[in-house]
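Enquirer: Just dropping this structure here.
Read-outs: derived from the displayed coordinates by stated rules, not from any lab. In this text the structure is predicted, and so the values were computed from the model without any measurement. Because the Cβ atoms are built from the backbone with ideal geometry, glycine has one as well, and the counts that use them run over all protein chains shown.
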Amino acid sequence: MKENFDQALKYLLIDEGGNDDDPLDHGGRTSRGITQREYNAWRVENHLPTRDVWTATDDEIRRIYHDEYWGDACDRLPNGVDYLYFDMAVNAGPRRATILLQRALGVNDDGRIGPITRAAITNADPAKLVDDYSEIKEKYYRSLHQPRFIKGWLNRVANVKRNALAMLTDKGAIV
């Protein structure tokens, strides 16, 4: 839902943390989850000179997350499910987030949120969808066989699920 973006971003930024440059992380140099490569491309696209991602402003980070990861897809999703999808889009890309959402819904996982997927979303019990999507996300992370990162990923899945369920019931999330 459109009105959930600011809250979802707040929770996401807690999970993403600050600046990082772990040589074992395929993302490389990042700030608040945005990679140097993505930040450079975004700045070029906006006719700005490239610079170190660690100098990115909060507004730039917000705009990248909104335009590249939240977009129309999250605006169409129920409370809580929107945050769950957003988190996965950031962590593994929008296409992977869509495929995993479709698997949780039991529809063809073609990576496109078309009329069949939208109908399944409309007819889904949001709490069950949060549970099912979280389970699919966990299976996805386990399939990557990355022992260095798995504990953090699984903790993130649990944290996002808790917050998504709280958003769903309008009780406010527990960070």
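Enquirer: Treating only the Cβ of Lys, Arg, Asp and Glu as charged (+1, +1, -1, -1), what charge dipole size does the range 1-135 show about its Cα centre? Round to the nearest 20 debye. Before the final figure, lay out each step's value.
Expert: Working: 16 positive and 26 negative charges, 75 e Å.
Roughly 360 debye, rounded to the nearest 20.
Enquirer: Sorted by packing (mean other beta-carbon atoms within 10 Å per residue), highest first, where do 156-167, 117-128 land? Spell out each step's value before the answer.
Expert: On the way: 156-167: 21.0, 117-128: 14.3.
Peptide ranking by packing, descending: 156-167, 117-128.
Enquirer: Per-residue counts of other Cβ atoms within 10 Å, averaged by peptide: what ranking do you get for 137-146, 67-76, highest first? Kindly include the intermediate steps, with their values, before the conclusion.
Expert: Working: 137-146: 14.4, 67-76: 17.0.
The peptides rank, most packed first, as 67-76, 137-146.
Enquirer: So how do 53-63, 34-44, 85-95, 16-26 stack up, highest first, on mean other-Cβ count within 10 Å?
Expert: Taking the mean over residues of other Cβ atoms within 10 Å, the ranking is 85-95, 34-44, 53-63, 16-26.
Enquirer: Determine the principal axes of the Cα atoms in the range 1-99, then give the extent along each, sorted from largest to smallest and rounded to whole angstroms.
Expert: Over the range 1-99, Cα extents along the principal axes are 37, 31, 23 Å.
Enquirer: Compute a Gaussian network model of the chain, connecting alpha carbons closer than 10 Å, and tell me which residue from 112, 32, 148 fluctuates the most.
Expert: So, out of 112, 32, 148, the one fluctuating most is 148.
Enquirer: Right, here's the next one. Over the alpha-carbon set of the range 55-175, divide Rg by the Kirkwood Rh and report the Rg/Rh ratio to two decimals.
Expert: When Rh is taken as the Kirkwood radius, the ratio is 0.96.
Enquirer: Determine the calculated [θ] at 222 nm for the chain from helices alone, applying -39500 (n - 2.57) to every DSSP H run no shorter than 4 residues and normalising by the residue count; nearest 500 deg cm²/dmol.
Expert: Values: 9 runs with 107 residues, N = 175.
So the helix-based figure for the chain works out to -19000 deg cm²/dmol.
Enquirer: Just to confirm the number: angle between the C-alpha axis of helix 126-143 and the first principal axis of the chain, 0 to 90 degrees, nearest 10?
Expert: Helix 126-143 and the main axis of the chain meet at about 50 degrees.
Enquirer: Based on the alpha carbons, how large is the Rg to Rh ratio for the range 1-46 when Rh follows Kirkwood? If you can, show how the numbers build up before the last one.
Expert: Working: Rg = 12.6 Å, Rh = 11.8 Å.
Radius of gyration relative to Kirkwood radius: 1.06.
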